[in-house]
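Participant: Structure in structure tokens, see below.
The values are calculated or read from the model by the stated rules, or taken from the named source; none is laboratory data. All values reported here derive from a predicted model rather than from experimental measurement. Using ideal geometry, Cβ is built from the backbone for each residue, glycine included, and neighbour counts are taken over all protein chains shown.
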Amino acid sequence: MRAVLLIAGLALLAVAGWLWGLGGAAEVARWAAEGQSEVQTALAGVLRDLRAGDTAALSGLLGLCFAYGFLHAAGPGHGKLLIGGYGVGRKVPLLRLSLLALGGSLAQAATAVGLVYAGVLAFELTRQRMVGLAEQVMAPASYGAIALIGLWLAARGARRLLAARRGPAAAPGACQGCGHRHGPTADEVARVHGARDAVALVGAVALRPCTGALFLLIVTWRMGLEGAGIAGAFVMGLGTASVTVAVAVAAVTLREGLVARLAARAPGATALPVIEIGAGAVVALLAAQLLAAAL
């Protein structure tokens, strides 16, 4: 099993080298943008059929929405950055990280629905103002939150590194002398951090709704197809999740393969904290670049 994980980790490193070292990311982004444009054109025709009373067009709409979400996530995006960096930096069970990836994508869809219908019904915002709010306010806020999470990961790794160099400390919990509890156990602390991390991760991704979902919701509202638009927005979220869950699988595979092997060979318990510092620093740096480009 370790050999399989090692081979998978090496393959992932090769893919990462192609993406960021040989210009592969630009090729993927171009392919994703072209695909999104084609899907948007097809969506317009399906919506006209649905408005004309063709109920069979609903399945076509949902299929196109899933494809759009997949293509949207395949291009440059903050969700993959956050899930991947967190999965490499922290030891997280695959199922939990996958559920966080799914939750972030669906929360993004919920944010789009909330923004559009609050803007339409409560504040009477135009399409341009809603898209401007998403791009000019919510996107920078999301990138800033992700940068803070990256710094948080790096700081936590630094604390673990210092603790590892100082040597093992007494475990909290029940006192050996009196038998009473004077603090939480290690498992209890881990559960609290897990819940906090989950809220932070999902919230940081959800802050920035998908522009495609905004357009779909606005168009379907104008056409009187509100239910189809809301369903389509969440199916777009599932399409996005198909990519972010794959990134979660890749991150856990990389950590359990190459990273665990390096940790086993490193002196003491310093390798994993150093990796966490590095992953957090990469997340913070890339998110800061996205933030600077959005401002």
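Participant: Just give me the residues in segment 257-295 being of a type outside the set (A, V, I, L, M, F, W, C) and at pLDDT 75 or above, in sequence order.
Facilitator: Step one: list which residues in segment 257-295 are of a type outside the set (A, V, I, L, M, F, W, C), which gives 257, 261, 265, 267-268, 270, 273, 276, 278, 280, 289.
Those that are of a type outside the set (A, V, I, L, M, F, W, C) and at pLDDT 75 or above: Pro273, Glu276, Gly278, Gly280, Gln289.
Participant: Let me ask something else. Taking segment 45-61 as the search range and keeping residues that are in contact (Cβ under 8 Å) with a residue 12 or more places away in the chain and surrounded by fewer than 19 Cβ atoms within 10 Å (Cβ to Cβ), which one is farthest from Gly227 (Cα to Cα)?
Facilitator: Applying the filter and picking the extreme gives Gly60.
Participant: Now for a different question. Scan segment 128-142 and report the pairs whose first residue is part of a helix (DSSP H, G or I) and whose second residue is at pLDDT 70 or above and of a type in the set (Phe, Trp, Tyr), with Cβ atoms within less than 9 Å and a gap of 6+ or a chain change.
Facilitator: Val131/Phe215
Participant: In this structure, does Leu97 turn out to be surrounded by 17 or more Cβ atoms within 10 Å (Cβ to Cβ), under 20 Å from Ala198 (Cβ atoms) and not aromatic (Phe, Trp, Tyr)?
Facilitator: Numbers: surrounded by 17 or more Cβ atoms within 10 Å (Cβ to Cβ): yes; under 20 Å from Ala198 (Cβ atoms): yes; not aromatic (Phe, Trp, Tyr): yes.
Taking the combined requirement at face value, the residue satisfies it.
Participant: Is it the case that Gly157 is closer than 18 Å to Leu286 by Cβ and within 22 Å of the chain's Cα centre (by Cα)?
Facilitator: So Gly157 passes the test.
Participant: Also, quick follow-up: I'm trying to understand the selection: among the residues of segment 74-99, which are over 15 Å from Leu238 (Cβ atoms), under 9 Å from the mean Cα position of the chain (by Cα) and in a helix (DSSP H, G or I)?
Facilitator: Matches in segment 74-99: His78, Lys80, Leu81, Leu82, Ile83, Gly84.
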